[in-house]
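> I'd like to ask you about the structure that follows.
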């Protein structure tokens with residue numbers, strides 16, 4: 001439930017507001033000063049709503065709102081006041097307030113305003129949840145594989161380039177599993193040294209070694225009953241791989257300094273951005289551990305192989321940037337759409353988010369152009385999935401390319417990596433002119 005932080009220096013009126021909101025099913029937290037309000041806002045989550053009086057004993061609501069935005073606090077803000085002055089309302093809205101409510105109309109106005117913000121927050125949460133629920137055929141296949149493997153306890157190995165969302169896929173598997181009410185514990189395997197790995201995975205008893213002043217739980221114990229996600233598992237030191245293999249095989253482990261083994265009731269999901277068979281051949285990764293990790297595999301394609309997902313993802317990040325940065329950018333112009341579709345995205349979704357949010361910061365409002373995206377003409381030396389190689393798929397690929405290019409044959413030809421003349425011949429061949 002979203003918390004409403006009420007800031008009002010009149011204790012009687014503050015209590016009245018809180019009681020009114022609670023009677024309507026809302027959770028509230030109150031304070032009478034700007035100083036205390038800052039502490040509450042610092043501690044609150046992003047989904048909290050701030051309801052503040054304009055004039056307070058130690059400051060005013062507009063200054064509080066401006067402080068919030070400078071601190072990167074993006075909680076929705078509603079101003080209330082007895083002083084229903086037009087210029088005050090304008091200044092409040094310019095500073096980033098969501099609404100402006102006169103106290104004399106509080107009962108009439110406040111509930112619709114809060115519920116509107118709650119509905120928007122729910123929509124944002126759903127959209128965040130669906131960021132990788134994309135429309136491409138590749139992601140349809142991924143969803144099908146998640147649906148099949150999630151209810152089992154099979155280990156899953158997720159392959160994909162950096163920035164493709166492998167951890168998101170792992171979380172989706174966990175959320176659809178029978179372990180969904182237990183922890184999901186991610187581990188950055190690249191950060192584990194040989195010396196620290198055993199304690200990190202299995203924990204240690206008090207006094208087990210110098211500096212072990214207290215008992216510490218490891219990742220296995222933290223994930224008990226749930227899912228342990230080994231991110232970039234190919235980065236594990238070779239010595240650590242043997243230790244991990246034994247624990248996975250025996251489903252038991254012993255914390256450093258402990259006298260007894262503990263049972264490991266966990267599900268293992270791992271991810272990597274490299275070819276582990278090559279790592280095995282080069283003796284950097286154990287073949288037996290690879291067998292244990294890949295009961296089931298999922299390949300997450302790079303963005304460049306899912307062209308139909310690019311513009312929806314870019315729009316998602318644009319809207320996210322608007323909310324986080326207080327901007328009003330409404331879309332992408334033709335040049336920006338072209339570069340979004342033809343750029344190879346070596347950093348995948350992660351890079352796209354950075355590029356688009358940076359463009360939102362630069363543009364402030366209106367349409368983003370190629371200039372704000374700051375991509376330039378440099379392209380990664382990687383293949384494009386729309387290239388015309390398989391005759392059975394040509395017609396569908398041409399249709400998708402034209403759709404993504406909004407019918408612009410020049411851009412469609414670039415997506416397909418063919419000349420416009422070749423594209424025209426193909427259109428004629430398939431009766432698509």
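Read-outs: derived from the displayed coordinates by stated rules, not from any lab. A quick note: this is a predicted structure, and the numbers were derived from the prediction, not measured. Positions of Cβ are backbone-derived with ideal geometry, glycine not excepted, and every protein chain shown enters the neighbour counts.
> How do 173, 266 rank when sorted from fewest to most other Cβ atoms within 10 Å of their own Cβ?
Fewest-to-most Cβ neighbours within 10 Å comes out as 266, 173.
> Here's another thing I want to ask about it. Name the residue, out of 225, 163, 45, whose mean-square fluctuation peaks in a Gaussian network model built on the chain with Cα pairs under 10 Å.
It is 45.
> Still on this structure, I have one more. Return the Cα extents of region 138-185 along principal axes one, two and three, sorted largest first, each rounded to a whole Å.
That gives 28, 22, 15 Å along the principal axes, largest extent first.
> Connecting C-alpha atoms closer than 10 Å in a GNM of the chain, tell me which of 150, 43, 279 has the biggest fluctuation.
43
> Shifting gears a bit: Going by C-beta contacts inside 10 Å, put 306, 330, 14 in order with the fewest on the left.
330, 14, 306
> While we're on this one: Only helical DSSP H runs with n ≥ 4 go in: add -39500 (n - 2.57) per run for the chain, normalise by residue count and round the 222 nm mean residue ellipticity to 500 deg cm²/dmol.
After summing the helix terms and dividing by residue count, I get -14500 deg cm²/dmol.
> Give me 93, 352, 79 ranked fewest to most by other Cβ atoms within 10 Å of their Cβ, as a rough exposure proxy.
So the ranking, lowest neighbour count to highest, is 93, 352, 79.
> For the pair residue 16 and residue 140, what calculated FRET efficiency results from E = 1/(1 + (r/R0)^6), where r is the Cβ-Cβ distance and R0 = 60 Å, to the nearest 0.05?
0.70
> Additional query: What is the distance in Å between the Cα centroid of region 294-367 and that of region 42-57?
Measuring centre to centre over Cα atoms gives 32 Å.
> Right, here's the next one. Using 0.36 nm times the number of residues separating residue 36 and residue 358, minus their current alpha carbon distance, what extension gain do you get?
So the extension gain works out to 112.6 nm.
> Quick one: length gained pulling residue 259 to residue 58 fully straight, 0.36 nm per residue minus the C-alpha distance?
66.5 nm
> Still on this structure, please answer the following. Hey, with R₀ at 45 Å, roughly what FRET efficiency would residue 315 and residue 153 work out to, going by the Cβ-Cβ distance, to 0.05?
Taking R0 as 45 Å, the efficiency between residue 315 and residue 153 is 0.75.
> Sticking with this one: Fully extended, how many nm does the chain gain between residue 249 and residue 323 (0.36 nm per residue separation, minus their Cα-Cα distance)?
Contour length minus the Cα-Cα distance gives 21.9 nm.
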